[in-house]
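All remarks here apply to the structure that follows.
The values are calculated or read from the model by the stated rules, or taken from the named source; none is laboratory data. It should be emphasised that the depicted structure is a prediction, and the values quoted were computed from it without experimental measurement. Positions of Cβ are generated from backbone atoms using ideal geometry, with glycine treated the same way; all protein chains shown enter the neighbour counts. Please note that ligands, DNA and RNA were not included when accessible areas were found on the heavy atoms of the full protein model with its side chains. Shrake-Rupley method; radii C 1.70, N 1.55, O 1.52, S 1.80 Å.
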Amino acid sequence: MPLLPLQFIIVGASVAGLSSAYMLGKAGHKVLVVEMDDGDYSASPDQDGGLRLPPNMARLLIQEFSGILELFRSKGTKCSGQEWRDGETTKLLGAMKFLARAMVNMASDFYFLSHYDLCSFLRERCRDINVQFRFGFTAHHVEAGENGPAVLFSASGERLEGDIIVGADGHNSIVRDFILGAGDSDDGSNTPRPAVRQVCGASLSLRISDMLQHPEVAYLAETDYFIVWMGSNSSISGSRHGELYILGLTRSIPPLEEDKDRHWFQKGHVEPIKTTTPEYHSIVKKLLDLAHSSHPTIQYVHSFRSYSDEHAKVVVIGDAAHATPINGTYNAALAVEDAFTLGRLFSHLTCRSQIQPLLKGYNEMRFTRTNNVQNFELGGMDMISLPPGPQRDLRNVGFARTLDLLSDPDEHAEELAQLWADWFSLFHYDARDAVDEWWLNWGTHVQSLS
(Lines give C-alpha, C1' and ligand atoms only; values in the text may rest on other atoms or scores of the structure.)
Protein backbone atom coordinates (compact mmCIF):
# COMPACT_ATOMS: atom_id res chain seq x y z
CA MET A 1 0.00 0.00 0.00
CA PRO A 2 1.20 3.58 -0.65
CA LEU A 3 2.56 5.75 2.11
CA LEU A 4 0.08 7.96 3.95
CA PRO A 5 1.81 11.36 4.02
CA LEU A 6 1.55 13.26 7.31
CA GLN A 7 2.35 16.86 8.15
CA PHE A 8 5.28 16.89 10.59
CA ILE A 9 6.29 20.06 12.42
CA ILE A 10 9.82 19.83 13.76
CA VAL A 11 10.86 22.29 16.45
CA GLY A 12 14.59 23.00 16.19
CA ALA A 13 17.01 23.18 13.26
CA SER A 14 20.14 21.65 14.74
CA VAL A 15 21.45 18.12 14.22
CA ALA A 16 18.40 16.31 15.65
CA GLY A 17 15.89 18.49 13.82
CA LEU A 18 17.67 18.46 10.47
CA SER A 19 18.34 14.71 10.56
CA SER A 20 14.73 13.86 11.38
CA ALA A 21 13.44 16.38 8.82
CA TYR A 22 15.47 14.71 6.09
CA MET A 23 14.53 11.15 7.04
CA LEU A 24 10.81 11.95 7.31
CA GLY A 25 10.86 14.02 4.12
CA LYS A 26 12.68 11.27 2.26
CA ALA A 27 10.01 8.82 3.41
CA GLY A 28 7.41 10.99 1.67
CA HIS A 29 5.99 13.10 4.50
CA LYS A 30 5.48 16.86 4.46
CA VAL A 31 7.91 18.50 6.85
CA LEU A 32 8.13 22.01 8.29
CA VAL A 33 11.11 22.91 10.49
CA VAL A 34 10.72 25.91 12.79
CA GLU A 35 13.70 27.61 14.45
CA MET A 36 13.77 30.50 16.89
CA ASP A 37 16.81 32.18 15.36
CA ASP A 38 16.04 35.12 13.10
CA GLY A 39 18.10 33.72 10.26
CA ASP A 40 19.84 30.62 9.07
CA TYR A 41 22.30 30.50 11.96
CA SER A 42 24.28 27.59 10.58
CA ALA A 43 25.05 29.57 7.41
CA SER A 44 27.81 31.47 9.21
CA PRO A 45 31.22 29.79 9.43
CA ASP A 46 31.92 31.95 12.48
CA GLN A 47 29.58 29.74 14.52
CA ASP A 48 31.18 27.93 17.42
CA GLY A 49 30.91 24.35 18.51
CA GLY A 50 31.99 20.92 17.42
CA LEU A 51 30.49 17.46 17.20
CA ARG A 52 31.87 14.03 17.98
CA LEU A 53 30.80 11.41 15.47
CA PRO A 54 31.45 7.90 16.84
CA PRO A 55 31.10 4.98 14.40
CA ASN A 56 27.43 4.33 15.25
CA MET A 57 26.63 7.88 14.06
CA ALA A 58 29.14 8.31 11.25
CA ARG A 59 28.16 4.98 9.72
CA LEU A 60 24.48 5.98 9.45
CA LEU A 61 25.36 9.27 7.79
CA ILE A 62 27.87 7.71 5.37
CA GLN A 63 25.38 5.05 4.29
CA GLU A 64 22.62 7.63 3.81
CA PHE A 65 24.35 10.62 2.21
CA SER A 66 26.65 10.55 -0.77
CA GLY A 67 29.46 13.06 -0.35
CA ILE A 68 29.42 13.19 3.43
CA LEU A 69 32.47 10.97 3.85
CA GLU A 70 34.41 13.47 1.73
CA LEU A 71 33.14 16.19 4.09
CA PHE A 72 34.42 14.27 7.11
CA ARG A 73 37.81 13.80 5.52
CA SER A 74 38.23 17.32 4.14
CA LYS A 75 36.74 19.41 6.94
CA GLY A 76 36.91 17.13 9.96
CA THR A 77 39.45 15.11 11.94
CA LYS A 78 39.63 11.34 12.08
CA CYS A 79 40.09 10.43 15.73
CA SER A 80 42.89 7.94 16.42
CA GLY A 81 41.98 7.28 20.03
CA GLN A 82 41.52 8.76 23.48
CA GLU A 83 43.91 9.80 26.23
CA TRP A 84 43.14 10.34 29.89
CA ARG A 85 45.52 12.71 31.67
CA ASP A 86 45.87 14.08 35.17
CA GLY A 87 44.38 17.57 35.19
CA GLU A 88 46.97 19.00 37.57
CA THR A 89 50.12 17.55 35.98
CA THR A 90 48.95 16.47 32.45
CA LYS A 91 50.63 13.11 33.12
CA LEU A 92 49.31 10.41 30.79
CA LEU A 93 47.33 7.95 32.90
CA GLY A 94 45.51 5.84 30.32
CA ALA A 95 44.79 5.52 26.62
CA MET A 96 42.60 3.79 24.09
CA LYS A 97 43.80 3.48 20.51
CA PHE A 98 41.35 2.87 17.67
CA LEU A 99 43.30 0.08 16.01
CA ALA A 100 42.66 -0.39 12.30
CA ARG A 101 41.42 -3.97 12.62
CA ALA A 102 38.86 -2.93 15.24
CA MET A 103 37.56 0.01 13.22
CA VAL A 104 37.14 -2.16 10.12
CA ASN A 105 34.59 -4.17 12.09
CA MET A 106 32.75 -0.93 12.86
CA ALA A 107 32.41 -0.09 9.14
CA SER A 108 33.33 3.49 10.00
CA ASP A 109 35.97 5.58 11.72
CA PHE A 110 35.43 8.07 14.55
CA TYR A 111 35.37 11.70 13.39
CA PHE A 112 35.31 15.21 14.80
CA LEU A 113 33.51 17.87 12.77
CA SER A 114 32.38 21.43 13.37
CA HIS A 115 28.71 21.98 14.12
CA TYR A 116 28.58 24.47 11.24
CA ASP A 117 29.85 22.00 8.65
CA LEU A 118 27.47 19.18 9.53
CA CYS A 119 24.40 21.42 9.91
CA SER A 120 25.17 23.18 6.62
CA PHE A 121 25.37 19.83 4.85
CA LEU A 122 22.14 18.51 6.38
CA ARG A 123 20.28 21.75 5.72
CA GLU A 124 21.10 21.58 2.02
CA ARG A 125 20.05 17.94 1.79
CA CYS A 126 16.73 18.90 3.43
CA ARG A 127 16.17 21.64 0.89
CA ASP A 128 16.93 19.20 -1.91
CA ILE A 129 13.81 17.21 -0.93
CA ASN A 130 11.62 20.29 -0.30
CA VAL A 131 11.66 20.38 3.48
CA GLN A 132 10.25 23.78 4.47
CA PHE A 133 11.85 26.13 7.03
CA ARG A 134 10.47 28.92 9.22
CA PHE A 135 13.11 31.01 10.97
CA GLY A 136 12.33 33.57 13.65
CA PHE A 137 9.61 31.34 15.12
CA THR A 138 9.94 31.15 18.91
CA ALA A 139 7.99 28.10 20.03
CA HIS A 140 6.04 28.76 23.22
CA HIS A 141 3.86 25.74 23.93
CA VAL A 142 2.15 22.71 22.43
CA GLU A 143 -1.45 21.56 22.58
CA ALA A 144 -2.69 18.15 21.49
CA GLY A 145 -5.72 16.11 22.46
CA GLU A 146 -7.60 13.04 21.38
CA ASN A 147 -9.34 14.90 18.56
CA GLY A 148 -8.01 17.47 16.15
CA PRO A 149 -4.46 18.29 15.10
CA ALA A 150 -1.39 18.88 17.20
CA VAL A 151 -0.88 22.63 17.56
CA LEU A 152 2.36 24.54 18.10
CA PHE A 153 2.00 28.10 19.38
CA SER A 154 4.63 30.79 19.01
CA ALA A 155 5.49 33.36 21.65
CA SER A 156 3.47 35.90 19.61
CA GLY A 157 0.38 33.68 19.53
CA GLU A 158 0.72 32.29 16.00
CA ARG A 159 -0.44 28.71 15.69
CA LEU A 160 0.81 25.96 13.40
CA GLU A 161 -1.15 22.74 12.97
CA GLY A 162 0.22 19.36 12.06
CA ASP A 163 -0.34 15.65 12.44
CA ILE A 164 2.76 15.14 14.58
CA ILE A 165 5.03 17.64 16.35
CA VAL A 166 8.63 16.54 16.83
CA GLY A 167 10.47 18.27 19.66
CA ALA A 168 14.10 18.60 18.60
CA ASP A 169 14.45 21.81 20.58
CA GLY A 170 17.33 20.91 22.82
CA HIS A 171 17.91 20.56 26.53
CA ASN A 172 15.48 23.37 27.42
CA SER A 173 12.73 21.90 25.28
CA ILE A 174 9.23 23.38 25.46
CA VAL A 175 7.92 20.28 23.67
CA ARG A 176 9.32 18.08 26.44
CA ASP A 177 7.37 20.17 28.95
CA PHE A 178 4.19 19.06 27.20
CA ILE A 179 5.22 15.39 27.24
CA LEU A 180 6.16 15.44 30.92
CA GLY A 181 3.10 17.46 31.87
CA ALA A 182 0.54 15.58 29.80
CA GLY A 183 -0.48 13.02 32.38
CA ASP A 184 3.08 11.78 32.86
CA SER A 185 3.49 13.11 36.40
CA ASP A 186 3.35 10.83 39.40
CA ASP A 187 0.11 12.34 40.73
CA GLY A 188 -1.66 12.42 37.33
CA SER A 189 -1.62 16.21 37.23
CA ASN A 190 -0.22 18.40 34.48
CA THR A 191 2.83 19.29 36.57
CA PRO A 192 6.00 17.74 35.15
CA ARG A 193 7.87 15.43 37.49
CA PRO A 194 11.14 16.97 38.72
CA ALA A 195 14.47 16.11 37.13
CA VAL A 196 16.44 13.35 38.83
CA ARG A 197 19.86 14.88 38.19
CA GLN A 198 21.58 17.96 36.83
CA VAL A 199 24.60 17.92 34.52
CA CYS A 200 26.60 21.13 34.39
CA GLY A 201 29.15 21.96 31.72
CA ALA A 202 30.36 24.33 29.05
CA SER A 203 31.61 24.16 25.48
CA LEU A 204 34.47 26.49 24.59
CA SER A 205 35.82 27.20 21.11
CA LEU A 206 39.38 28.10 20.15
CA ARG A 207 40.77 28.96 16.74
CA ILE A 208 43.48 26.61 15.56
CA SER A 209 45.32 29.59 14.12
CA ASP A 210 45.51 31.15 17.60
CA MET A 211 46.80 27.94 19.18
CA LEU A 212 49.59 27.60 16.63
CA GLN A 213 51.03 30.93 17.77
CA HIS A 214 51.67 29.54 21.27
CA PRO A 215 54.28 26.76 21.42
CA GLU A 216 53.06 25.37 24.73
CA VAL A 217 49.70 24.35 23.19
CA ALA A 218 50.50 24.27 19.44
CA TYR A 219 51.08 20.51 19.54
CA LEU A 220 47.49 19.98 20.68
CA ALA A 221 46.23 21.66 17.50
CA GLU A 222 47.95 18.95 15.50
CA THR A 223 46.96 15.85 17.44
CA ASP A 224 44.09 13.64 16.34
CA TYR A 225 43.46 12.22 19.83
CA PHE A 226 40.53 13.05 22.06
CA ILE A 227 42.16 14.19 25.30
CA VAL A 228 40.52 14.28 28.73
CA TRP A 229 42.16 16.15 31.59
CA MET A 230 40.70 14.70 34.77
CA GLY A 231 40.19 16.98 37.74
CA SER A 232 38.44 16.84 41.08
CA ASN A 233 34.65 16.86 40.54
CA SER A 234 35.20 18.05 36.98
CA SER A 235 36.94 17.17 33.75
CA ILE A 236 37.97 19.12 30.65
CA SER A 237 38.21 17.48 27.23
CA GLY A 238 39.83 18.75 24.06
CA SER A 239 39.75 17.79 20.37
CA ARG A 240 40.26 19.36 16.97
CA HIS A 241 37.18 19.94 14.80
CA GLY A 242 38.40 21.34 11.51
CA GLU A 243 39.64 24.88 12.11
CA LEU A 244 38.34 24.89 15.68
CA TYR A 245 39.63 23.26 18.84
CA ILE A 246 36.77 22.44 21.20
CA LEU A 247 37.09 22.27 24.97
CA GLY A 248 34.35 20.59 26.96
CA LEU A 249 33.98 21.21 30.68
CA THR A 250 31.78 18.78 32.62
CA ARG A 251 31.10 18.76 36.35
CA SER A 252 30.00 15.72 38.33
CA ILE A 253 28.56 17.81 41.15
CA PRO A 254 25.45 20.02 41.29
CA PRO A 255 25.82 23.43 39.60
CA LEU A 256 27.89 26.01 41.43
CA GLU A 257 26.60 29.52 42.04
CA GLU A 258 28.74 30.72 39.13
CA ASP A 259 27.26 28.16 36.71
CA LYS A 260 24.62 29.43 34.33
CA ASP A 261 22.55 27.94 31.55
CA ARG A 262 22.33 29.89 28.32
CA HIS A 263 20.81 29.42 24.91
CA TRP A 264 23.47 28.62 22.32
CA PHE A 265 23.15 32.08 20.75
CA GLN A 266 23.81 33.74 24.12
CA LYS A 267 27.52 33.32 24.65
CA GLY A 268 28.85 33.27 28.17
CA HIS A 269 32.14 34.50 29.58
CA VAL A 270 35.21 32.33 29.94
CA GLU A 271 36.35 33.99 33.19
CA PRO A 272 33.83 32.23 35.51
CA ILE A 273 35.04 28.87 34.19
CA LYS A 274 38.66 29.78 34.89
CA THR A 275 37.86 30.82 38.46
CA THR A 276 36.09 27.52 39.19
CA THR A 277 38.85 25.31 37.75
CA PRO A 278 41.97 26.59 39.53
CA GLU A 279 43.59 23.17 39.98
CA TYR A 280 44.28 22.53 36.31
CA HIS A 281 47.73 22.61 34.75
CA SER A 282 49.05 25.72 33.05
CA ILE A 283 48.58 24.11 29.62
CA VAL A 284 44.87 23.69 30.26
CA LYS A 285 44.68 27.21 31.66
CA LYS A 286 46.38 28.51 28.52
CA LEU A 287 43.73 26.81 26.42
CA LEU A 288 41.05 28.49 28.49
CA ASP A 289 42.81 31.83 27.99
CA LEU A 290 42.70 31.33 24.22
CA ALA A 291 39.00 30.43 24.08
CA HIS A 292 37.07 33.08 22.18
CA SER A 293 33.65 31.87 23.32
CA SER A 294 31.97 29.87 26.05
CA HIS A 295 28.55 28.24 25.95
CA PRO A 296 27.55 27.10 29.46
CA THR A 297 24.76 24.58 29.91
CA ILE A 298 22.86 22.91 32.73
CA GLN A 299 21.14 19.75 31.55
CA TYR A 300 18.40 18.03 33.50
CA VAL A 301 18.10 14.26 33.53
CA HIS A 302 14.37 13.58 33.37
CA SER A 303 12.55 10.35 34.12
CA PHE A 304 10.32 9.66 31.12
CA ARG A 305 7.64 7.04 30.86
CA SER A 306 7.31 7.71 27.16
CA TYR A 307 8.97 9.94 24.58
CA SER A 308 5.55 10.53 23.00
CA ASP A 309 2.18 11.68 24.32
CA GLU A 310 -0.80 9.39 24.89
CA HIS A 311 -2.54 10.59 21.73
CA ALA A 312 0.49 9.87 19.49
CA LYS A 313 0.72 13.43 18.23
CA VAL A 314 3.89 14.71 19.95
CA VAL A 315 7.32 13.10 20.28
CA VAL A 316 10.70 14.33 21.54
CA ILE A 317 14.15 13.43 20.22
CA GLY A 318 17.77 14.37 20.86
CA ASP A 319 18.59 16.53 23.88
CA ALA A 320 14.89 17.14 24.41
CA ALA A 321 14.52 13.44 25.22
CA HIS A 322 17.74 12.45 26.97
CA ALA A 323 20.60 14.02 28.86
CA THR A 324 23.78 12.43 27.60
CA PRO A 325 26.33 15.14 28.44
CA ILE A 326 26.56 17.73 25.67
CA ASN A 327 30.36 17.40 25.83
CA GLY A 328 30.26 13.62 25.85
CA THR A 329 30.91 11.08 23.12
CA TYR A 330 27.34 10.12 22.25
CA ASN A 331 25.30 13.31 22.50
CA ALA A 332 24.92 14.02 18.76
CA ALA A 333 25.00 10.29 17.98
CA LEU A 334 21.84 9.60 19.96
CA ALA A 335 20.09 12.48 18.20
CA VAL A 336 20.92 11.02 14.78
CA GLU A 337 19.88 7.54 15.90
CA ASP A 338 16.55 8.97 17.08
CA ALA A 339 16.04 10.66 13.71
CA PHE A 340 16.86 7.56 11.66
CA THR A 341 14.63 5.39 13.86
CA LEU A 342 11.67 7.75 13.57
CA GLY A 343 12.04 8.28 9.82
CA ARG A 344 12.54 4.59 9.03
CA LEU A 345 9.51 3.58 11.10
CA PHE A 346 7.23 6.14 9.47
CA SER A 347 8.34 5.09 6.01
CA HIS A 348 5.97 2.14 6.61
CA LEU A 349 2.88 4.25 7.45
CA THR A 350 -0.18 3.52 5.28
CA CYS A 351 -3.06 4.58 7.57
CA ARG A 352 -3.61 6.67 10.70
CA SER A 353 -4.39 3.67 12.90
CA GLN A 354 -0.72 2.69 12.55
CA ILE A 355 0.65 5.88 14.12
CA GLN A 356 0.16 4.68 17.70
CA PRO A 357 1.92 1.30 17.25
CA LEU A 358 4.75 2.89 15.26
CA LEU A 359 5.41 5.35 18.08
CA LYS A 360 5.15 2.51 20.56
CA GLY A 361 7.88 0.76 18.59
CA TYR A 362 9.94 3.95 18.61
CA ASN A 363 9.68 4.11 22.40
CA GLU A 364 10.58 0.44 22.83
CA MET A 365 13.73 0.78 20.76
CA ARG A 366 14.91 4.14 21.96
CA PHE A 367 14.19 3.67 25.68
CA THR A 368 16.52 0.70 26.00
CA ARG A 369 19.23 2.22 23.84
CA THR A 370 19.23 5.73 25.29
CA ASN A 371 19.10 4.53 28.88
CA ASN A 372 22.09 2.27 28.27
CA VAL A 373 24.09 5.05 26.65
CA GLN A 374 23.02 7.71 29.15
CA ASN A 375 23.96 5.53 32.12
CA PHE A 376 27.30 4.71 30.48
CA GLU A 377 28.07 8.36 29.81
CA LEU A 378 26.99 9.64 33.23
CA GLY A 379 28.92 6.85 34.95
CA GLY A 380 31.98 7.71 32.89
CA MET A 381 31.58 11.39 33.74
CA ASP A 382 31.62 10.55 37.45
CA MET A 383 34.62 8.26 37.03
CA ILE A 384 36.83 10.85 35.33
CA SER A 385 35.90 13.48 37.93
CA LEU A 386 36.73 11.59 41.11
CA PRO A 387 38.23 13.62 43.96
CA PRO A 388 41.45 12.42 45.58
CA GLY A 389 41.02 9.19 47.52
CA PRO A 390 40.95 5.39 47.21
CA GLN A 391 38.47 5.36 44.32
CA ARG A 392 40.62 7.66 42.23
CA ASP A 393 43.71 5.60 43.05
CA LEU A 394 41.96 2.42 41.94
CA ARG A 395 40.79 4.14 38.76
CA ASN A 396 44.34 5.19 37.94
CA VAL A 397 45.61 1.64 38.44
CA GLY A 398 43.07 0.49 35.89
CA PHE A 399 44.11 3.20 33.45
CA ALA A 400 47.78 2.28 33.89
CA ARG A 401 46.96 -1.22 32.68
CA THR A 402 45.80 0.22 29.33
CA LEU A 403 49.26 1.71 28.78
CA ASP A 404 50.88 -1.64 29.52
CA LEU A 405 48.65 -3.40 27.01
CA LEU A 406 49.20 -0.80 24.29
CA SER A 407 52.92 -1.35 24.51
CA ASP A 408 52.26 -4.47 22.41
CA PRO A 409 48.66 -4.36 21.16
CA ASP A 410 49.04 -7.46 18.97
CA GLU A 411 50.12 -9.64 21.86
CA HIS A 412 47.40 -8.23 24.14
CA ALA A 413 44.63 -7.97 21.54
CA GLU A 414 42.23 -10.24 23.43
CA GLU A 415 42.61 -8.42 26.75
CA LEU A 416 42.27 -5.03 25.03
CA ALA A 417 39.06 -6.21 23.39
CA GLN A 418 37.69 -7.27 26.78
CA LEU A 419 38.80 -4.03 28.40
CA TRP A 420 36.98 -1.82 25.89
CA ALA A 421 34.06 -4.18 25.21
CA ASP A 422 31.44 -1.72 26.53
CA TRP A 423 32.73 1.07 24.31
CA PHE A 424 32.76 -1.05 21.18
CA SER A 425 29.36 -2.51 21.95
CA LEU A 426 27.93 1.01 21.84
CA PHE A 427 29.88 1.73 18.63
CA HIS A 428 28.42 -1.38 16.96
CA TYR A 429 24.77 -0.39 17.42
CA ASP A 430 22.95 0.26 14.14
CA ALA A 431 19.65 2.16 14.35
CA ARG A 432 18.54 1.04 10.92
CA ASP A 433 19.09 -2.62 11.76
CA ALA A 434 17.13 -2.14 14.98
CA VAL A 435 14.12 -0.78 13.06
CA ASP A 436 14.33 -3.56 10.47
CA GLU A 437 14.38 -6.18 13.21
CA TRP A 438 11.40 -4.56 14.94
CA TRP A 439 9.49 -4.44 11.65
CA LEU A 440 10.28 -8.08 10.98
CA ASN A 441 8.66 -8.96 14.33
CA TRP A 442 5.78 -6.49 14.32
CA GLY A 443 5.27 -5.37 10.73
CA THR A 444 2.56 -7.92 9.93
CA HIS A 445 0.59 -6.77 12.95
CA VAL A 446 0.99 -3.10 12.06
CA GLN A 447 -0.05 -3.72 8.44
CA SER A 448 -3.15 -5.58 9.62
CA LEU A 449 -4.40 -2.32 11.17
CA SER A 450 -4.81 -0.70 7.73
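Which one of these is out of contact with any Leu (no Cβ under 8 Å at 6 or more places or on another chain), open to solvent by less than 10 Å² (accessible area, probe 1.4 Å), charged (D, E, K, R) and closer than 23 Å to Ile174 by Cβ: Arg305, Arg366?
On the way: Arg305 fails: open to solvent by less than 10 Å² (accessible area, probe 1.4 Å).
None of the other options fit; the residue is Arg366.
Farther than 18 Å from Ala27 by Cβ and either at pLDDT below 95 or touching a Ser or Thr at 6+ places or on another chain (Cβ under 9 Å) (or both): is that true of Gly361 in this structure?
Working: farther than 18 Å from Ala27 by Cβ: no; either at pLDDT below 95 or touching a Ser or Thr at 6+ places or on another chain (Cβ under 9 Å) (or both): yes.
The answer is no for Gly361.
If you filter segment 4-40 down to residues that are more than 15 Å from Phe133 (Cα to Cα) and touching a His at 6+ places or on another chain (Cβ under 8 Å), you find that the one that is surrounded by the most Cβ atoms within 10 Å (Cβ to Cβ) is Leu6. Determine which member of the set Phe399, Phe367 is assigned to a helix (DSSP H, G or I) and under 23 Å from the mean Cα position of the chain (by Cα). Of Phe399, Phe367, the one residue that is assigned to a helix (DSSP H, G or I) and under 23 Å from the mean Cα position of the chain (by Cα) is Phe367.
In segment 381-393 there is at least one residue matching the filter, namely being of a type outside the set (Gly, Ala, Ser), part of a helix (DSSP H, G or I) and under 23 Å from Tyr307 (Cβ atoms). Restricting segment 158-172 to residues that are small (Gly, Ala, Ser) and modelled with pLDDT of 95 or more, the residue that is nearest to Glu143 (Cα to Cα) is Gly162. The single condition from (1) touching a residue at least 60 places away in the same chain (Cβ under 8 Å); (2) open to solvent by 90 Å² or more (accessible area, probe 1.4 Å); (3) not in a loop (DSSP other than H, G, I, E, B) that Phe424 fails is (2).
Looking only at residues in segment 394-421 that are open to solvent by 90 Å² or more (accessible area, probe 1.4 Å) and of a type outside the set (D, E, K, R), which one is farthest from Ile384 (Cα to Cα)? First the steps, then the outcome.
Step one: of segment 394-421, the residues open to solvent by 90 Å² or more (accessible area, probe 1.4 Å) are 394, 397, 401, 407, 410-411, 414, 418.
With the extra rule that they be of a type outside the set (D, E, K, R), the set shrinks to 394, 397, 407, 418.
Details: Leu394: 12, Val397: 13, Ser407: 23, Gln418: 20 Å.
Checked segment 394-421; the qualifying residue farthest from Ile384 (Cα to Cα) is Ser407.
Can you tell me which residues in segment 47-61 are open to solvent by 10 Å² or more (accessible area, probe 1.4 Å) and within 17 Å of Gln82 (Cα to Cα)? Quick ask: steps written out before the conclusion?
Filtering segment 47-61 for residues open to solvent by 10 Å² or more (accessible area, probe 1.4 Å) gives 47, 50-52, 59.
Matches in segment 47-61: Gly50, Leu51, Arg52.
When we screen Thr341, Thr277 for residues that are open to solvent by less than 10 Å² (accessible area, probe 1.4 Å), modelled with pLDDT under 95 and not small (Gly, Ala, Ser), the only hit is Thr277.
Among the residues that make up segment 65-73, is at least one of them over 22 Å from Glu415 (Cα atoms), touching a Pro at 6+ places or on another chain (Cβ under 6 Å) and surrounded by 20 or more Cβ atoms within 10 Å (Cβ to Cβ)? No, every residue in segment 65-73 fails to be over 22 Å from Glu415 (Cα atoms), touching a Pro at 6+ places or on another chain (Cβ under 6 Å) and surrounded by 20 or more Cβ atoms within 10 Å (Cβ to Cβ).
So is Leu287 part of a helix (DSSP H, G or I), open to solvent by 10 Å² or more (accessible area, probe 1.4 Å) and either more than 21 Å from Leu18 (Cβ to Cβ) or among the hydroxyl-bearing types (Ser, Thr, Tyr) (or both) or not? Criteria not met by Leu287.
Name the single residue that is surrounded by the most Cβ atoms within 10 Å (Cβ to Cβ) among those in segment 427-450 being among the aromatic types (Phe, Trp, Tyr) and part of a helix (DSSP H, G or I).
Narrowing segment 427-450 to residues among the aromatic types (Phe, Trp, Tyr): 427, 429, 438-439, 442.
With the extra rule that they be part of a helix (DSSP H, G or I), the set shrinks to 427, 438-439, 442.
Details: Phe427: 25, Trp438: 19, Trp439: 18, Trp442: 15.
Step by step, filter segment 427-450, then rank; the result is Phe427.
Checked against the criterion of being assigned to a helix (DSSP H, G or I), in contact with a Gly (Cβ under 7 Å, 6 or more places away or on another chain) and either modelled with pLDDT under 95 or among the small types (Gly, Ala, Ser) (or both), segment 21-35 contains one or more residues that satisfy it. Is it the case that segment 427-435 has a residue that's hydroxyl-bearing (Ser, Thr, Tyr) and modelled with pLDDT under 95? The answer is no, given that none of the residues of segment 427-435 is hydroxyl-bearing (Ser, Thr, Tyr) and modelled with pLDDT under 95. Do we have Glu161 as more than 23 Å from the chain's Cα centre (by Cα) and either of a type in the set (Asp, Glu) or closer than 30 Å to Asp433 by Cα (or both) here? When the stated conditions are applied, Glu161 passes them. Starting from residues that are open to solvent by less than 50 Å² (accessible area, probe 1.4 Å), free of Cβ contacts under 8 Å to residues at least 40 places away in the same chain and among the hydrophobic types (A, V, I, L, M, F, W, C), keep the ones in segment 200-252 and report whichever is nearest to Ala291 (Cα to Cα). Top of the filtered list is Ile208. Among the residues of segment 181-192, are any modelled with pLDDT of 95 or more, under 27 Å from Pro325 (Cβ atoms), of a type outside the set (Val, Ile, Thr) and in contact with a Gly (Cβ under 8 Å, 6 or more places away or on another chain)? No, that holds for no residue. Residue check: is Thr324 outside any helix (DSSP H, G or I) and either touching a helix residue (DSSP H, G or I) at 6+ places or on another chain (Cβ under 6 Å) or surrounded by fewer than 23 Cβ atoms within 10 Å (Cβ to Cβ) (or both)? So Thr324 passes the test.
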